[in-house]
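A quick write-up on the structure given underneath.
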Amino acid sequence: MAHDGAREVLAIRYGTRTTTRAESFLNYHLYHEPDAKIDIDYFFWVIRDGSGTTLIDTGFAPAAGDRRRRTWWTTPAQALSALGIDPATVSTVVVTHAHWDHTGNLRQFPQANIVISQAEYDFWTSPLAGRAQFAAHAEPDEIGYLRAANQEDRLTPITGRQMLASGIELIEVGGHTPGQMIVSVITATGTVVLASDALHFYEELERDRPFAIVADLPGMYRAYDVLAGLASQPDTWLVAGHDPLVRTRFGPVQAAPDMTDLGAPNASWEPQGRQLTLTRSAVSFWDSPAPGTPAGPSGT
Ligand SMILES: [Zn+2]
């Protein structure tokens with residue numbers, strides 16, 4: 001696939017599963033709605049431009065996916081090769097958080113620098129991470145890999161907001177995990193906000209319904225407000241981390257049915273995003289620190 005150097009941001013869907021709404025939204029009984037099935041997709045994200053390729057998360061490991069009965073069909077190394085990218089040329093892998101479905105294929109990039117929030121690294125290498133409610137969502141050998149990378153000086157911890165490269169900003173929001181990060185990427189057509197698991201489903205933001213797996217509930221609500229604030233900026237598009245709607249809200253990559261071009265948002269869903277931010281009183285949270293000001297650590 002030819003590439004002209006203009007920055008592109010892709011969502012690559014590598015797996016899927018059918019679950020229920022009651023398992024997906026925290027305390028679902030509060031909403032007095034019948035339970036129903038819901039599809040959850042699994043993605044990792046690729047930012048490619050003239051200076052190289054950055055991988056955002058690595059998906060789950062095939063063995064872990066099989067053990068946990070998820071359906072999957074590719075890994076980052078395979079998907080990058082299909083894009084004509086040699087995985088060995090990926091110099092940076094961002095780990096938005098250390099859950100198993102994001103850290104599973106770090107070993108495919110043994111030369112890459114790993115960027116993760118300090119809070120996330122500290123938490124998962126602490127004894128508290130071994131408690132059942134947390135441990136269920138991580139793979140010990142993958143946390144061990146992060147630890148080894150740190151010892152090898154291949155791990156860059158960040159706090160608050162930090163530029164990864166020109167036009168690529170990492171923002172620590174917490175909530176879902178102690179140091180969950182989102183990634184804001186400027187492209188020729190606008191700003192793409194990779195929410196990762198700060199927003200599994202658009203419905204969390206659009207109906208103010210927290211996801212079921214949460215380390216810090218106030219932090220999760222605040223993260224939604226940060227995302228809503230970002231979405232209120234001109235030409236800014238949120239990309240939910242596990243929502244099948246990503247593939248209808250953005251355009252497809254030609255000849256690659258599981259890849260979505262995040263630089264090609266479909267205009268039809270824009271009014272919903274705008275309306276959302278106008279009606280949320282909590283958006284004032286975003287108004288206090290001006291954009292560009294480092295936010296304090298959150299999600300402790
Ligand atoms: Zn996830």
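The values are calculated or read from the model by the stated rules, or taken from the named source; none is laboratory data. The structure displayed is predicted, hence computed values, not measured ones. Cβ coordinates were reconstructed from backbone atoms using ideal geometry, including for glycine residues, and neighbour counts include every protein chain displayed.
Can you tell me which residue in the stretch 69-78 is surrounded by the most Cβ atoms within 10 Å (Cβ to Cβ), limited to those that are closer than 26 Å to ALA132 by Cα and in contact with a Gly (Cβ under 9 Å, 6 or more places away or on another chain)? Talk me through it step by step, then tell me what you get.
Initial filter on the stretch 69-78 (closer than 26 Å to ALA132 by Cα): 69-72.
Now narrow it down to the ones that are in contact with a Gly (Cβ under 9 Å, 6 or more places away or on another chain): 70-72.
Working: ARG70: 17, THR71: 12, TRP72: 20.
The selected residue is TRP72.
For the stretch 154-172, how many residues are in contact with a strand residue (DSSP E or B) (Cβ under 7 Å, 6 or more places away or on another chain) and not in a strand (DSSP E or B)? Lay out the reasoning, then the answer.
Going through the stretch 154-172, the residues in contact with a strand residue (DSSP E or B) (Cβ under 7 Å, 6 or more places away or on another chain) turn out to be 154-164, 167-172.
Those left that are additionally not in a strand (DSSP E or B): 154, 159-160, 167.
Adding up the residues that qualify gives 4.
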Flagged in the stretch 43-78 as more than 16 Å from the ligand (Cβ to nearest atom) and acidic (Asp, Glu), in numbering order, are ASP49, ASP66
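Identify, please: which residue in the stretch 203-218 is in a loop (DSSP other than H, G, I, E, B) and in contact (Cβ under 8 Å) with a residue 12 or more places away in the chain and is, among those, surrounded by the most Cβ atoms within 10 Å (Cβ to Cβ)?
The first filter runs over the stretch 203-218 and keeps only residues in a loop (DSSP other than H, G, I, E, B), leaving 207-210, 212-216.
This time we only want the ones that are in contact (Cβ under 8 Å) with a residue 12 or more places away in the chain, so: 208-210, 212-216.
Working: ASP208: 14, ARG209: 19, PRO210: 18, ALA212: 15, ILE213: 18, VAL214: 17, ALA215: 22, ASP216: 18.
Here the residue is ALA215.
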Could you list, in sequence order, the residues of the stretch 102-116 that are within 20 Å of ALA11 (Cβ to Cβ) and either touching an Asp or Glu at 6+ places or on another chain (Cβ under 8 Å) or polar (S, T, N, Q) (or both)?
HIS102, THR103, GLY104, ASN105, LEU106, GLN108
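Which of the residues that make up the stretch 125-153 are part of a helix (DSSP H, G or I) and either in contact (Cβ under 8 Å) with a residue 40 or more places away in the chain or buried (at least 21 other Cβ atoms within 10 Å of the Cβ) (or both)?
Of the stretch 125-153, the ones part of a helix (DSSP H, G or I) are 127-130, 132-135, 140-151.
Residues satisfying the conditions are PHE134, GLU142, ILE143, TYR145, LEU146, ALA149.
Taking the condition of being among the hydrophobic types (A, V, I, L, M, F, W, C) and in a strand (DSSP E or B), how many residues in the stretch 83-118 meet it?
We begin by selecting, within the stretch 83-118, every residue among the hydrophobic types (A, V, I, L, M, F, W, C); these are 83, 85, 88, 90, 93-95, 98, 100, 106, 109, 112, 114-116.
Imposing the further condition that a residue be in a strand (DSSP E or B) reduces the set to 93-94, 114-116.
So the count comes out to 5.
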Counting only residues that are farther than 30 Å from ASP4 by Cα and of a type in the set (D, E, K, R), how many does the stretch 49-69 have?
4
(1) within 14 Å of the ligand (Cβ to nearest atom); (2) surrounded by fewer than 21 Cβ atoms within 10 Å (Cβ to Cβ); (3) touching a residue at least 24 places away in the same chain (Cβ under 8 Å): which one isn't true of PRO157, the others all being true?
(1)
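Quick check on the stretch 13-26. Is at least one of its residues of a type in the set (Asp, Glu), at pLDDT below 95, surrounded by fewer than 22 Cβ atoms within 10 Å (Cβ to Cβ) and not in a strand (DSSP E or B)?
no
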Looking at the stretch 79-124, which of the residues that are among the acidic types (Asp, Glu) and more than 16 Å from the ligand (Cβ to nearest atom) is surrounded by the most Cβ atoms within 10 Å (Cβ to Cβ)?
ASP122
The stretch 179-202, residues that are within 15 Å of the ligand (Cβ to nearest atom) and in a loop (DSSP other than H, G, I, E, B)
GLY179, GLN180, ASP197, ALA198, LEU199, HIS200, PHE201
Scanning the stretch 237-252 for residues that are away from the ligand (no atom under 16 Å from the Cβ) and surrounded by fewer than 19 Cβ atoms within 10 Å (Cβ to Cβ), the one nearest to the chain's Cα centre (by Cα) turns out to be ARG247
Being under 18 Å from MET181 (Cβ atoms), modelled with pLDDT of 95 or more and either among the charged types (D, E, K, R) or not in a helix (DSSP H, G or I) (or both), is that true of even one residue in the stretch 58-78?
yes
Matching residues in the stretch 183-211 - criterion: being among the aliphatic types (A, V, I, L, M) and out of contact with any helix residue (DSSP H, G or I) (no Cβ under 7 Å at 6 or more places or on another chain)
VAL183, VAL185, ILE186, ALA188, VAL192, LEU194
Does the stretch 161-176 contain any residue that is away from the ligand (no atom under 16 Å from the Cβ), within 30 Å of TYR31 (Cβ to Cβ) and among the β-branched types (Val, Ile, Thr)?
yes
Taking GLY175, is it in a loop (DSSP other than H, G, I, E, B), over 22 Å from ASP41 (Cβ atoms), under 14 Å from the mean Cα position of the chain (by Cα) and modelled with pLDDT of 95 or more?
no
